[in-house]
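The structure under discussion appears below in the form of structure tokens.
The values are calculated or read from the model by the stated rules, or taken from the named source; none is laboratory data. All values derive from a computational prediction rather than experimental measurement. Here the Cβ positions follow ideal geometry from the backbone for every residue, glycine too, while neighbour counts run over all protein chains shown.
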């Protein structure tokens, strides 16, 4: 890079900083925050960066964390954690999709203020890779694990299977953890419909393969392409958010026959951030 080019960049940065003073938000009194802001406004709209920081600042205040407390928490982070926080803040300001920002804000605040848990860094790393479909999928999961009627029904079913297998030598996996486990039939809100020879219509639950290739409608008869939700579940497993349990069927690939899945500690923490 030539000296003239470098000087031009410095001039542009100086102009940007003058237009958006560092005292416009109290959160920018934090060295790690102002350094990210100064870096990003060279390459993107400074007003959008300020809006993201303003949302973070508002959430800190909403959680009744004092300005000084939050500033002290960030400044007292370890050498490693300061770099991690700065990287996640940079990603939040520049790359995080609008649907993911609320969850990322909670994760950033937890990262700075809650030193008791050791998974905040991994949760922030996971959320960096989320898209809108992943958030929608997690919200769907949250609505199911918090549904008392569904939980009671599935817990009773699991208890009956366990009781019926007591005298058997070989037992099936009937893992069901209330608040963490989701049965595939509960997760799929779109149903298939077919007509038999007597013209009677019957509903059936599509598997992953059906969803990837087929076209289905929900209760409001809205048609949807459903490959995203199946892809998202596999992605969430790869990210360590959940663990999928497949059903083995002859002549079919197990990955196309999800029986249930259970949230990990990372998944449970992310559910807390989905308000």
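In segment 64-80 there is at least one residue that is surrounded by fewer than 14 Cβ atoms within 10 Å (Cβ to Cβ) and either in contact with a strand residue (DSSP E or B) (Cβ under 6 Å, 6 or more places away or on another chain) or in contact (Cβ under 8 Å) with a residue 12 or more places away in the chain (or both). Among the numbered conditions (1) surrounded by fewer than 13 Cβ atoms within 10 Å (Cβ to Cβ); (2) at pLDDT 60 or above; (3) touching a strand residue (DSSP E or B) at 6+ places or on another chain (Cβ under 7 Å), the only one that residue 223 does not meet is (2).
Is at least one residue of segment 168-177 in the same structural domain as residue 31 (by TED's automatic domain parsing), surrounded by 13 or more Cβ atoms within 10 Å (Cβ to Cβ) and part of a loop (DSSP other than H, G, I, E, B)? Break it down stepwise before answering.
In the first step, residues of segment 168-177 are kept if they are in the same structural domain as residue 31 (by TED's automatic domain parsing); the result is none.
For segment 168-177, residues in the same structural domain as residue 31 (by TED's automatic domain parsing), surrounded by 13 or more Cβ atoms within 10 Å (Cβ to Cβ) and part of a loop (DSSP other than H, G, I, E, B): absent.
Does residue 133 qualify as being at pLDDT 90 or above, within 21 Å of the chain's Cα centre (by Cα) and closer than 25 Å to residue 38 by Cβ? No: the conditions fail for residue 133.
Those residues that are outside any helix (DSSP H, G or I) and buried (at least 16 other Cβ atoms within 10 Å of the Cβ), I need them from segment 81-100; list them, please. Across segment 81-100, the qualifying residue is only 96.
Regarding segment 152-165, can at least one residue be identified that is surrounded by 11 or more Cβ atoms within 10 Å (Cβ to Cβ), in a loop (DSSP other than H, G, I, E, B) and modelled with pLDDT of 85 or more? Within segment 152-165, none of the residues are surrounded by 11 or more Cβ atoms within 10 Å (Cβ to Cβ), in a loop (DSSP other than H, G, I, E, B) and modelled with pLDDT of 85 or more.
I'd like the residue in segment 126-135 that is part of a helix (DSSP H, G or I) and touching a residue at least 40 places away in the same chain (Cβ under 8 Å) and, out of all such residues, is surrounded by the fewest Cβ atoms within 10 Å (Cβ to Cβ).
Start the filter on segment 126-135 by keeping residues that are part of a helix (DSSP H, G or I), which leaves 126-127, 132-135.
So of that shortlist, the ones also touching a residue at least 40 places away in the same chain (Cβ under 8 Å) come out as 126-127, 133-135.
On the way: 126: 21, 127: 28, 133: 15, 134: 26, 135: 22.
Per the stated criteria, the residue is 133.
Out of 71, 27, one residue alone is within 27 Å of the chain's Cα centre (by Cα) and at pLDDT 90 or above. It is 71.
Please enumerate the residues belonging to segment 141-157 that are touching a residue at least 60 places away in the same chain (Cβ under 8 Å) and over 18 Å from residue 107 (Cα atoms).
Looking only at segment 141-157, we keep the residues that are touching a residue at least 60 places away in the same chain (Cβ under 8 Å), and these are 141-142, 145.
Correct list: 141, 145.
Taking (1) under 27 Å from residue 182 (Cβ atoms); (2) surrounded by fewer than 23 Cβ atoms within 10 Å (Cβ to Cβ); (3) modelled with pLDDT of 90 or more in turn, residue 123 satisfies each apart from (2).
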